[in-house]
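Heads up, the thing below is written out as structure tokens.
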Amino acid sequence: MFTNSAQIVCGDVVACGASVYVVQEMGEDELTLLRMESQCGVRHRADVVPEHWSDLALSGLPLQDVVIRCVPIRRYGTANLTKLGALPDTLRKRIVAALKREAMVRRFEDSPSVRSNLLASTASRGRRVGAVRYA
């Protein structure tokens, strides 16, 4: 099913090439997309898993074993996007909550105290300066 790019709105499931995305936000000339990936053994902290098959019934996906990775991707324009379906409001509310949690965690990780601790641990050689060596 091919649709006009002007018909794409927030909450739609769209395809671009072999990748599938959810449209989270729409601006004048840019979109915020969230990638939909197949469920695998490794999960990210920002993944949202649909709880029930009905959450993805109208999404237009052939497979129902997907997770929504709540890490925003910016895209300019709606060219080459094909609308597959839409997500229900309950699932969109869970996605918004996951996006807020992920933004809060990333702000904490980017804070100066965490950054300085991570920097010190990567430069450490595992021994104290001036430590006594025993033979």
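The values are calculated or read from the model by the stated rules, or taken from the named source; none is laboratory data. This one's a predicted model, so the numbers in the text were calculated from it and none came from an experiment. Because the Cβ atoms are built from the backbone with ideal geometry, glycine has one as well, and the counts that use them run over all protein chains shown.
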Pair list, Cβ under 6 Å, 6 or more apart: segment 99-112 residue touching a residue at least 12 places away in the same chain (Cβ under 8 Å), other residue among the small types (Gly, Ala, Ser) and surrounded by 11 or more Cβ atoms within 10 Å (Cβ to Cβ): Glu102/Ala46
Selection count where residues are assigned to a strand (DSSP E or B) and either closer than 20 Å to Asp89 by Cβ or more than 14 Å from the chain's Cα centre (by Cα) (or both), scope segment 20-68: 18
Condition met for Ala79 (within 15 Å of Val23 (Cβ to Cβ), among the hydrophobic types (A, V, I, L, M, F, W, C), modelled with pLDDT of 80 or more and outside any strand (DSSP E or B)): yes
